[in-house]
């Protein structure tokens, strides 16, 4: 067995499994369960269930199938006679394996060993939290009188189905799409597409075609979700051919045929009809892209398939498509074609243009994923004037630390910030900022006091350590607090640091807001002028 | 708090994948080969990949897909897309020595460059440690504050007073600072620090989004021969008040850490 297609051939898969499971011994070995249920055909009858991988080549296979869009959870399995014990999986996945083994008729009983760390799948937790947070918004949408209410209700039904199937990634993706309805952007319907297509280029350029809040698209939550997002059709040769056709443009009866063919690969859902509506919106978005490209003298790079033969319909390309698709409310296969090189990662394409080579990096690696999202953000801003905006508060609370001298002061700080009101956080109103700066004195004094105490303790301990090393080593370990350590280390670093000219150093901040730049220049003046 | 050494090729390789065009506080030059032709560029990245794999910062194999180690991944993402950067610039003659600390999520990584071009990367456990490192790097005195001293004026006034002091009009400046509320001793200490510092630098807190600096809080730091540190900073924007304040490594670290905590909205 070498691919996802092989795995889906039920008889072959059963034969392969029969051989692999016999080799499992009492020693735990790696075992993989698909994160979501797959579609199998058993004697001409459809069956949906989890797939598993085991044996010598399972790691490589899991990696390969991940590239094909099927994600696997890793744990271990050990056998005692005909009892297979699974460790490191959630109960639902063990149950899924039990169902599969019953279907495969291998004669093995499945037993749950140690559960996975944590009570629930992180995606499940994310889904539940997000669902709770957005409940009121979704409810209001369902009560609204919108022209696209039918589409909206269909999405809610799909979301409910995904929840029942515990397909959290899909449920989250659908919820994102639903929230897109809430921002007032034009609904993706045949009628709306026709209206938008009739707009003058100038009017279309001014129309916001994005559906979700771009801030949501570039959040940590979204990035995490993207990493696990199931993407159908990855690497499928037929999908590649169809995407090439879509890129060139479709008309007449062929348009319907292509949609039907696409639905067979990436659906259902979505249906061919839904894909057809998405294609209509894709044409509108591409028209807006062309208007802005002309205005800004920008161009979309074509994909050189000779140089990158595997990129069309790859996971990297479709992940890029998913980000843009979530932004415009259209399917990833169309969105990917808005910028066919989007998500193409490889050494050199940014720092030294022209050296793009076949990337070795797994497209799901967060570093590569960052590159993909970076591409999407750049594309949105350049061709559609939509950006992620300034959201510095997003996911930054962790840096405050829980063990630091600051942690004890948090409630005091919080009090004064609350007193200053929302304006302080949102706009940093001058008077509020100055007032809060003064009110925070006690918090600063307490933190400074803690640091001074630590520094003095460290210095004392160091001195004693010279005299009685063995006795105080343990104490040094315990008391060498991170803050004092960081200060000492930074002072040491000064000696080793390279010296740059002031002009060079002043030119290293990249893009910077005007007010921030003026403040920095004023601060530098006090030292370097 | 161990540092790891990173060759610029290693960072260039990672940044190529994260599509990072510039690193705040460093720009792009330190990560590039001297020759910019395709051949030298390709060799540069190949060297980066080899070094990363040898150091086990890049795992797996090229056929089935490579991945960065978790620690390297977190560091690169923080460098590529920080929420906050502490930029510590220390005066060295007329030049500058730099330490940047990039914060994203729960990751805080510090970066300095040695004169041989190698980067030293450190990790900090929390914001206070990072602020302490920044304050230590710009040379704020380690001695605890023996007394508080603070005067408020505005940018124009403090700039003018510093210029006059540098021109030798000390008496005039002493009188002006005393008028603003400082004692004679403190005024003399401040003038000495601002005009003839033994160590000086700027510690800036840069608030960022999409690898762009959106806003900054700056602290000019000057320490005189008596180990008295003074900082100059605008609590809000440049048009508002400008504060001249006695400080120390602990006081400055606390000021930065508490300020960032407030700014990030701990009440949220």
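Only one of these conditions is not met by residue A:7: (1) assigned to a strand (DSSP E or B); (2) crowded, with 20+ Cβ neighbours inside 10 Å. Which number is it?
(1)
Would it be correct to say that residue B:4 is at the interface with another protein chain (Cβ under 7 Å from one of its Cβ atoms) and in contact with a strand residue (DSSP E or B) (Cβ under 6 Å, 6 or more places away or on another chain)?
On the way: at the interface with another protein chain (Cβ under 7 Å from one of its Cβ atoms): no; in contact with a strand residue (DSSP E or B) (Cβ under 6 Å, 6 or more places away or on another chain): yes.
So residue B:4 does not fit the description; no.
Quick one: which of B:71, B:55, B:12 is at negative phi and at the interface with chain A (Cβ under 8 Å from one of its Cβ atoms)? Break it down into steps so the answer makes sense when it comes.
Details: B:71 fails: at the interface with chain A (Cβ under 8 Å from one of its Cβ atoms); B:55 fails: at the interface with chain A (Cβ under 8 Å from one of its Cβ atoms).
Criteria check complete, one pass: B:12.
I'm checking my understanding of the structure. Among residues of segment B:239-257 that are at pLDDT 90 or above and at the interface with chain A (Cβ under 7 Å from one of its Cβ atoms), which one is farthest from residue B:85 (Cα to Cα)?
B:241
Condition check: in contact with a helix residue (DSSP H, G or I) (Cβ under 7 Å, 6 or more places away or on another chain) and more than 25 Å from residue A:508 (Cα to Cα). Does residue B:187 satisfy that? It would help to see each step written out before you state the result.
Values: in contact with a helix residue (DSSP H, G or I) (Cβ under 7 Å, 6 or more places away or on another chain): yes; more than 25 Å from residue A:508 (Cα to Cα): yes.
Answer is yes for this residue.
Confirm whether residue A:375 is at pLDDT 60 or above and more than 7 Å from every other protein chain (Cβ to nearest Cβ).
no
So is residue A:505 within 38 Å of the chain's Cα centre (by Cα), at pLDDT 85 or above, more than 18 Å from residue B:249 (Cα to Cα) and assigned to a helix (DSSP H, G or I) or not?
Working: within 38 Å of the chain's Cα centre (by Cα): yes; at pLDDT 85 or above: yes; more than 18 Å from residue B:249 (Cα to Cα): yes; assigned to a helix (DSSP H, G or I): yes.
When the stated conditions are applied, residue A:505 passes them.
Residues in segment B:25-34: is at least one at pLDDT below 90 and more than 10 Å from chain A (Cβ to nearest Cβ)?
yes
Restricting segment B:105-118 to residues that are out of contact with any strand residue (DSSP E or B) (no Cβ under 8 Å at 6 or more places or on another chain) and over 21 Å from residue B:138 (Cα atoms), which is nearest to the other protein chains (Cβ to nearest Cβ)?
Among those that are out of contact with any strand residue (DSSP E or B) (no Cβ under 8 Å at 6 or more places or on another chain) and over 21 Å from residue B:138 (Cα atoms), it is B:106.
Kindly indicate whether residue A:48 is in contact with a strand residue (DSSP E or B) (Cβ under 9 Å, 6 or more places away or on another chain), surrounded by fewer than 18 Cβ atoms within 10 Å (Cβ to Cβ) and under 26 Å from residue A:265 (Cα atoms). Please lay out each step first, then the result.
Details: in contact with a strand residue (DSSP E or B) (Cβ under 9 Å, 6 or more places away or on another chain): yes; surrounded by fewer than 18 Cβ atoms within 10 Å (Cβ to Cβ): yes; under 26 Å from residue A:265 (Cα atoms): yes.
Considered against the rule, which asks whether it is in contact with a strand residue (DSSP E or B) (Cβ under 9 Å, 6 or more places away or on another chain), surrounded by fewer than 18 Cβ atoms within 10 Å (Cβ to Cβ) and under 26 Å from residue A:265 (Cα atoms), residue A:48 comes out as yes.
The values are calculated or read from the model by the stated rules, or taken from the named source; none is laboratory data. It should be emphasised that the depicted structure is a prediction, and the values quoted were computed from it without experimental measurement. Here the Cβ is made from the backbone with ideal geometry for all residues, glycine too, and neighbour counts use every protein chain on show.
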